[in-house]
1. Would you mind telling me which numbered condition in (1) farther than 20 Å from GLY112 by Cβ; (2) out of contact with any Phe, Trp or Tyr (no Cβ under 7 Å at 6 or more places or on another chain) THR251 fails?
2. With the structure loaded, tell me whether GLU85 is modelled with pLDDT of 95 or more, at negative phi and outside the structural domain of VAL121 (by TED's automatic domain parsing) or whether it fails that test.
3. Name the residue that is farthest from LEU189 (Cα to Cα), counting only residues in the stretch 4-39 that are free of Cβ contacts under 8 Å to residues at least 12 places away in the same chain and among the aromatic types (Phe, Trp, Tyr).
4. Does the stretch 181-208 hold any residues that are surrounded by 18 or more Cβ atoms within 10 Å (Cβ to Cβ), part of a helix (DSSP H, G or I) and among the charged types (D, E, K, R), and which are they?
5. With respect to GLU125, is the statement that it is at pLDDT 95 or above, charged (D, E, K, R) and in contact with a Lys or Arg (Cβ under 8 Å, 6 or more places away or on another chain) true?
6. Residues that are within 16 Å of ligand 1 (Cβ to nearest atom), assigned to a loop (DSSP other than H, G, I, E, B) and touching a helix residue (DSSP H, G or I) at 6+ places or on another chain (Cβ under 7 Å): does the stretch 138-150 have at least one?
7. Name the residues in the stretch 205-259 that are of a type in the set (D, E, K, R) and within 17 Å of ALA162 (Cα to Cα), would you?
8. Just to be sure, is GLY246 over 17 Å from GLY90 (Cβ atoms), more than 16 Å from ligand 2 (Cβ to nearest atom), at pLDDT 95 or above and of a type in the set (Gly, Ala, Ser)?
Amino acid sequence: MLASFEATPDPRLHELMRSLTGHLHAFIRETRLTEQEWQRGIDFLTAAGHITDDKRQEFILLSDVLGASMQIIAVNNGAYRDATEATVFGPFFVEDSPLIGNGGDIAADASGTPCWVQGTVRDTEGNPVPGARIEVWEADETGHYDVQYPDGRVAGRGHLFAGDDGSFRFWCLTPTPYPIPHDGPVGALLDAVRRSPVRAAHLHFMVSAERFRTLVTHIFVRADPQLAIGDAVFGVKDSLIKDFAGQPAGTPAPDGRDLGQRTWHRAQFDVVLAPAR
Ligand code: BEZ
Ligand code: FE
């Protein structure tokens, strides 16, 4: 059977097809997969296809909950000195997010507790990376991204650029745990294996600059109890867990913003970019 791929002109495609087919056959032999189970698998993939559209990508979700997405990241983003670690991209990034500028607020109308995030973007020698583009996105306190609402709102996302000294700062919402979309076949699978769809609270970042490897990552909230329970897509790395320090109502904000009687949090995230390959 593997010989049927011998005529493949593209050597990489040849390698991938041989390996994939070999592992698939080994899985069938090892588990003695029944015809009913094979049909169940086909039905599952068919349902994943039917629910997938330009807003919902059930196959990436499947890859995420199987840990395959994190494995791809591990294979393709080997540690480089003290460069910030990457984690899963997720399905909720949107191109052309609003420019909020350094010191701006990504929350727009999204609900939640205000959070001030500041940090620097540097290279592995410690030099600032002026002008690095910083994309930030997150769910609101009900656990929904803007794109999950039917009204076309844009909230909880934005981009800014690091200053000449590599520094950045912005307002966002204190991240809270939320479930990945679990109303489709992947949710049914998690249910069947008694796994939770909940992700540990996080704030997404994508940091890019010329001559550097684009970093896709999150920061996680150290005080979040979900960290001990687990993250549905295995995205947590110790180096990405940060203190989100609670600030009592009345604590002056770093930029003088009037928060009235609201409590807020603050976090520091110093990004280190690896050079482009
Ligand atoms: C997210 O963090 O946005 C996410 C990641 C993987 C699957 C679903 C959501
Ligand atoms: Fe997320």
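The values are calculated or read from the model by the stated rules, or taken from the named source; none is laboratory data. Everything numeric here is computed off the predicted structure, so don't read it as measured data. Here the Cβ is made from the backbone with ideal geometry for all residues, glycine too, and neighbour counts use every protein chain on show.
1. Going through the list (1) farther than 20 Å from GLY112 by Cβ; (2) out of contact with any Phe, Trp or Tyr (no Cβ under 7 Å at 6 or more places or on another chain), THR251 breaks only (1).
2. Values: modelled with pLDDT of 95 or more: yes; at negative phi: yes; outside the structural domain of VAL121 (by TED's automatic domain parsing): no.
In short, no.
3. Of the stretch 4-39, the ones free of Cβ contacts under 8 Å to residues at least 12 places away in the same chain are 4, 6-16, 19-20, 23-24, 26-39.
Okay, now just the ones that are also among the aromatic types (Phe, Trp, Tyr), so 27, 38.
On the way: PHE27: 19, TRP38: 15 Å.
Among them, the one singled out is PHE27.
4. Selection gives nothing.
5. Numbers: at pLDDT 95 or above: yes; charged (D, E, K, R): yes; in contact with a Lys or Arg (Cβ under 8 Å, 6 or more places away or on another chain): no.
Spelling it out, it is not the case that GLU125 is at pLDDT 95 or above, charged (D, E, K, R) and in contact with a Lys or Arg (Cβ under 8 Å, 6 or more places away or on another chain).
6. Looking only at the stretch 138-150, we keep the residues that are within 16 Å of ligand 1 (Cβ to nearest atom), and these are 138-149.
Subsequent filtering for residues that are assigned to a loop (DSSP other than H, G, I, E, B) retains 138-145, 149.
Keeping just the survivors that are touching a helix residue (DSSP H, G or I) at 6+ places or on another chain (Cβ under 7 Å) gives none.
No.
7. Within the stretch 205-259, the subset of a type in the set (D, E, K, R) is 210-211, 213, 222, 224, 231, 237-238, 242-243, 255, 257-258.
Those that are of a type in the set (D, E, K, R) and within 17 Å of ALA162 (Cα to Cα): GLU210, ARG211, ARG213, ASP255.
8. Working: over 17 Å from GLY90 (Cβ atoms): yes; more than 16 Å from ligand 2 (Cβ to nearest atom): yes; at pLDDT 95 or above: yes; of a type in the set (Gly, Ala, Ser): yes.
For GLY246, the condition - over 17 Å from GLY90 (Cβ atoms), more than 16 Å from ligand 2 (Cβ to nearest atom), at pLDDT 95 or above and of a type in the set (Gly, Ala, Ser) - is met.
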